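The values are calculated or read from the model by the stated rules, or taken from the named source; none is laboratory data. Only a predicted model underlies this, so the values are computations on that prediction, with no experimental measurement involved. A quick note on method: Cβ atoms are made from the backbone with ideal geometry, for glycine too, and the neighbour counts reach across all protein chains shown.
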Amino acid sequence: MTTDPGDLVLDPTCGSGTSATVAEQWGRRWITIDTSRVALALARTRLMSARYPFYLLADSAEGRAQEQKVSGRIQPQGLTSGDIRQGFVYERAPHITLKSIANNAEIDVIWERWQGVLESLRQEVNEKLTTGFEEWEIPRNLDHWLGTKEGASKAALVNARVRELHKDWWEGSIARQKEIDASIARAADVEMLYDRPHEDKSKVRVAGPFTVESLSPHRVVTARDDTLAGEIRAGEGGMQPDPKNVPEIDFGQMVLDHLRTAGVHQQEKRDTIRFNSVEPWPGNFLAAEGRYNDGDGREKRAGILIGPEFGTLTRSQITAAAREASDARFDALIACAFNFEAQASDLNRLGPLAILKARMNPDLHMAEDLKNTGKGNLFVVFGEPDVDLIETAQGELQVKVNGIDIFDPSTGEIRSDDVKGIAAWFIDTDYNEESFFVRHAYFLGANDPYKSLKTALKAEIDEEAWETLYSDTSRPFPRPSTGRIAVKVINHFGDEVLKVFGV
């Protein structure tokens, strides 16, 4: 608890998102980072499906009322803004000392106010019983006192009035002591219990708005002359690799070693490409030749393109490698990279040559500590999402996700699959070509991870609106002022692909 509400917490190792979840619970802002997309996907789901206690804010009408109640100090009556940086209303533990009791003038006021009432009751009890009780001598249990030797002689004098007077005196005495105790507690020094804020149990809180940012190159680069020239050279086979685009020998060999044992994974296990052999290839862009069997047992050849260890694989580089693979009569091109240029998302074929873009797991950056068991999803192909743009009768737009195009190694063809391979998809309805802002979010897949949250909030949400979150068709939205929208699709491995549409 070294931070205050509203402070910013930075966790450079996200993992399962515990730091972000706890920061969200205690009203801290947070930024969490991880190299693994799977970790970020887990953290995102954890945050979006969690429920949190609703703590009373000090800068709120309810919070001020509770603060006045527990502290006894009159609170300001001005407007509140719900500023979390002013903290919560906390429980507190009093530190009572003899000095604080001696200096508490309110105790005398309470004593005097009650003394007149209690003294008149004591005198009337003494008159009825012909006794001379002082305050400390009045028995707590009247019936028990009547059973003693002293009380037995007064039994004939006890009637309903005496019992009422006795009861009123003790109730008043206890009430006076409670007021004095409360006054002592209010005047004493207190220690705030920052881990125990007062909670409003009538409200349910969920995570506030947050974004998931990526270093993936989502920016749409303007078509300049040098970009077009590179594309043309790549298509004609005249492009040569720059030294910075050639993978280091150690890095390239490490990738091939893991590719040989792990294969290339897709959405379904039956679509995994298992290589019979992966051997180096003396090409300009192609690093290796991989051989695998199709559904009929015939051996197929795939050219392997390895992207830079630190950087982005561009569309022109993939095109140049595809031209080289086509000239060498390969059946497919597998481009392996940590990140792909945004413009390369729709590059799936060059003539009859199928192009697969296999995203490499960031764990390969730690190759010296990574065991080559062949069991990890180190190379995952996320196919091209099949997206339709629909115009409504009111002139608004809707986006429908039909599924993902997947390469079938048994036939060598690309087939369309359903939406079960999509975990989530987001829309930036006014894409500015610089940053992707999630303005619509939808969740698909076989299971609904938000079922428990939906059940908990059933009495507090619009069921019809909630159903629209679990859909393959977006809600209608107006045409973008920028003339572009962007759709980001994420699979269950945490891989993502972005498509930009001009409208």
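Considering (1) under 29 Å from V38 (Cβ atoms); (2) among the charged types (D, E, K, R); (3) not in a strand (DSSP E or B), the lone condition that R329 does not fulfil carries the number (1). Exactly one of (1) modelled with pLDDT of 80 or more; (2) not assigned by TED's automatic domain parsing to the domain that holds F275 is unmet by A325. Its number? The number of the failed condition is (2). For L98, the test of being closer than 30 Å to D4 by Cβ and loosely packed, with under 12 Cβ neighbours inside 10 Å is failed. Given E191, E179, E150, which one is acidic (D, E), at pLDDT below 85 and assigned to a helix (DSSP H, G or I)? After applying the criteria, what remains is E150. Restricting attention to segment 52-71, the residues that are in a loop (DSSP other than H, G, I, E, B) and either small (G, A, S) or modelled with pLDDT under 90 (or both) add up to 2. The set of residues from segment 392-432 being part of a loop (DSSP other than H, G, I, E, B) and either at pLDDT 80 or above or buried (at least 22 other Cβ atoms within 10 Å of the Cβ) (or both) comprises T392, A393, Q394, G395, E396, P409, T429, D430, Y431, N432.
Conditions (1) in contact with a Leu (Cβ under 7 Å, 6 or more places away or on another chain); (2) among the hydrophobic types (A, V, I, L, M, F, W, C); (3) surrounded by 18 or more Cβ atoms within 10 Å (Cβ to Cβ); (4) modelled with pLDDT of 90 or more, marked per residue:
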{"residue": "E268", "(1), (2), (3), (4)": "no, no, no, no"}
{"residue": "D271", "(1), (2), (3), (4)": "no, no, yes, no"}
{"residue": "R298", "(1), (2), (3), (4)": "no, no, no, no"}
{"residue": "I304", "(1), (2), (3), (4)": "yes, yes, yes, yes"}
{"residue": "F310", "(1), (2), (3), (4)": "no, yes, no, no"}
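Looking across segment 16-34, the residues that are crowded, with 16+ Cβ neighbours inside 10 Å and among the hydroxyl-bearing types (S, T, Y) come down to S19, T21, T32.
Looking only at segment 135-158, filter to residues that are surrounded by fewer than 15 Cβ atoms within 10 Å (Cβ to Cβ) and touching a residue at least 12 places away in the same chain (Cβ under 8 Å); which one of those is farthest from S173 (Cα to Cα)? Ranking the candidates gives L157 first. Of these, L356, L389, which one is at pLDDT 80 or above, of a type in the set (A, V, I, L, M) and either closer than 22 Å to Y442 by Cα or not in a strand (DSSP E or B) (or both)? Matching residue, one of L356, L389: L389. Quick check on segment 247-262. Is at least one of its residues modelled with pLDDT under 70 and surrounded by fewer than 16 Cβ atoms within 10 Å (Cβ to Cβ)? Yes - at least one qualifying residue is present in segment 247-262. The set of residues in segment 74-101 that are free of Cβ contacts under 8 Å to residues at least 60 places away in the same chain and under 23 Å from Q177 (Cβ atoms) comprises L98, K99.
Filter segment 273-295 for residues that are in a loop (DSSP other than H, G, I, E, B), without any contact (Cβ under 8 Å) to a residue 40 or more places away in the chain and over 23 Å from A320 (Cα atoms) and give the result. Those that are in a loop (DSSP other than H, G, I, E, B), without any contact (Cβ under 8 Å) to a residue 40 or more places away in the chain and over 23 Å from A320 (Cα atoms): R274, F275, N276. Scanning segment 35-51 for residues that are part of a helix (DSSP H, G or I) and surrounded by fewer than 19 Cβ atoms within 10 Å (Cβ to Cβ) yields a count of 5. Note on segment 33-52: residues that are in contact with a helix residue (DSSP H, G or I) (Cβ under 7 Å, 6 or more places away or on another chain) and farther than 23 Å from L469 by Cβ total 3. In summary, F88 fulfils each of the numbered conditions (1) at pLDDT 90 or above; (2) surrounded by fewer than 11 Cβ atoms within 10 Å (Cβ to Cβ) with the single exception of condition (2).
Scanning segment 72-118 for residues that are part of a loop (DSSP other than H, G, I, E, B) and of a type in the set (K, R) gives a single hit, R73.
For V162, the conditions (1) loosely packed, with under 14 Cβ neighbours inside 10 Å; (2) in a helix (DSSP H, G or I) are fulfilled apart from (1). Does at least one position in segment 104-126 carry a residue that is among the polar types (S, T, N, Q), under 59 Å from the mean Cα position of the chain (by Cα) and either surrounded by 15 or more Cβ atoms within 10 Å (Cβ to Cβ) or closer than 20 Å to I174 by Cα (or both)? Within segment 104-126, one or more residues are among the polar types (S, T, N, Q), under 59 Å from the mean Cα position of the chain (by Cα) and either surrounded by 15 or more Cβ atoms within 10 Å (Cβ to Cβ) or closer than 20 Å to I174 by Cα (or both). Looking at segment 8-30 only, could you name the residues that are assigned to a loop (DSSP other than H, G, I, E, B) and touching a residue at least 60 places away in the same chain (Cβ under 8 Å)? The answer is G27, and nothing else.
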